[in-house]
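Novice: Take this structure, written in structure tokens, and hold onto it; I'll ask about it next.
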């Protein structure tokens, strides 16, 4: 197998991370990728998303193959903050980092660069390949909105590979939890905290009573729950009249997720009733869980590509969500694979060029076998 064009891939990756594309601001990178994919011979479609989601669009691209199979490769185009003005620095150790005042953006532009370099090599070598479908999404970070709104009418394959996780090359995520968001507004009653505190109903006291009785953090091997944000209060001399709590629950098991959510809601409601407060609770599904059998044919064929190139494939679960959650819900068998990205969502984020080359080789092998 001809080596991946290492310098070209690194240059493309660095060019991509220099494009500002914090979540919601993906117009420029979406347009750039649309042009590049068109020049590579893909049929490209700009798929609109609601304006409140992004100023950009989802990108669908298709390259017809000669092998009797097809696969979707997906990565997201947005980054977390601080993601503007990124300056990639290539160290003598073969590690790419940011200058240190921003993230790097390997999450998830390393996935985009790997897929596109694999295709460039396939075309240069005139290799037979599967029909390749690309789904590049907006606003994955903090909501998975791009995949939620992705127009699936263009996609003909029944399986997908999401390149959007860390860990050693060979990591295949085959299960991820569903997540429920809970917003609880507690309404007590104001009173002067020094003159007549007994005339008030303290929203923070209601919240404290509820939270101390609530099962939180690690519930079991499949389930977690967390109180993430608490906002309320105006002054120390006022019994706190209102309080807003934002919480979440996650589980690989749908029944356990519903049970945990019901427990959290009922605990808030019971505490409010006990103290004579009012409570308003909004509970909404962020995304659903997925569990794929480790022996599924799609997983087995990916394992074979890793093994053929001397990598140890490892299937595992994760505690986080990705576009794989939504694409599984939409009918694709979608796994998430590591590009080697490390310390993502921090200014210490880095990726090894060797790892990028390895995952590109695996993608190329999978596309051509």
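Novice: Applying the selection to region 73-95, what residues are surrounded by fewer than 23 Cβ atoms within 10 Å (Cβ to Cβ), touching a residue at least 40 places away in the same chain (Cβ under 8 Å) and not in a loop (DSSP other than H, G, I, E, B)?
Specialist: 88, 90, 95
Novice: Out of the residues in region 145-172 that are under 11 Å from the mean Cα position of the chain (by Cα) and farther than 26 Å from residue 297 by Cβ, state the one that is surrounded by the most Cβ atoms within 10 Å (Cβ to Cβ).
Specialist: For region 145-172, the residue satisfying everything is 146.
Novice: Can you tell me how many residues within region 46-63 are out of contact with any strand residue (DSSP E or B) (no Cβ under 6 Å at 6 or more places or on another chain) and either part of a strand (DSSP E or B) or modelled with pLDDT under 95 (or both)?
Specialist: Here the count works out to 1.
Novice: Run residue 255 past the list (1) more than 26 Å from the chain's Cα centre (by Cα); (2) free of Cβ contacts under 8 Å to residues at least 60 places away in the same chain; (3) in a helix (DSSP H, G or I) and report the number of the one that doesn't hold.
Specialist: (1)
Novice: Could you check region 296-338 and list, in sequence order, the residues that are assigned to a loop (DSSP other than H, G, I, E, B), within 18 Å of residue 71 (Cα to Cα) and out of contact with any strand residue (DSSP E or B) (no Cβ under 6 Å at 6 or more places or on another chain)?
Specialist: 296, 330, 331
Novice: For region 9-50, name all the residues that are without any contact (Cβ under 8 Å) to a residue 60 or more places away in the chain and more than 28 Å from residue 156 (Cβ to Cβ).
Specialist: Result: 11, 15, 19, 25, 28.
Novice: Where the second residue is outside any strand (DSSP E or B) and buried (at least 21 other Cβ atoms within 10 Å of the Cβ) and the first is at positive phi and lies in region 168-192, which pairs have Cβ atoms under 9 Å and are six or more apart or on separate chains?
Specialist: These pairs meet every condition: 170/306; 170/358; 170/362.
Novice: Here's something else I'd like to know. So, of the residues in region 193-208 that are in contact (Cβ under 8 Å) with a residue 60 or more places away in the chain and either in a loop (DSSP other than H, G, I, E, B) or touching a helix residue (DSSP H, G or I) at 6+ places or on another chain (Cβ under 7 Å) (or both), which turns out to be nearest to residue 279 (Cα to Cα)?
Specialist: Once the filter is applied, the top-ranked residue is 206.
Novice: Which of the residues belonging to region 344-369 are part of a loop (DSSP other than H, G, I, E, B) and either within 23 Å of residue 3 (Cβ to Cβ) or not assigned by TED's automatic domain parsing to the domain that holds residue 63 (or both)?
Specialist: Of everything in region 344-369, just one residue is part of a loop (DSSP other than H, G, I, E, B) and either within 23 Å of residue 3 (Cβ to Cβ) or not assigned by TED's automatic domain parsing to the domain that holds residue 63 (or both), namely 369.
Novice: Kindly evaluate residue 211 against the criterion of being part of a helix (DSSP H, G or I) and surrounded by fewer than 18 Cβ atoms within 10 Å (Cβ to Cβ).
Specialist: Judged against the criteria, residue 211 is a match.
Novice: For residue 341, work out the one condition from (1) touching a helix residue (DSSP H, G or I) at 6+ places or on another chain (Cβ under 7 Å); (2) outside any helix (DSSP H, G or I); (3) over 20 Å from residue 22 (Cα atoms) it doesn't fulfil.
Specialist: (3)
The values are calculated or read from the model by the stated rules, or taken from the named source; none is laboratory data. Note that the structure is a prediction, hence the values are computed from the model and not measured. All Cβ positions, even for glycine, are placed from backbone atoms using ideal geometry, and neighbour counts span all protein chains on display.
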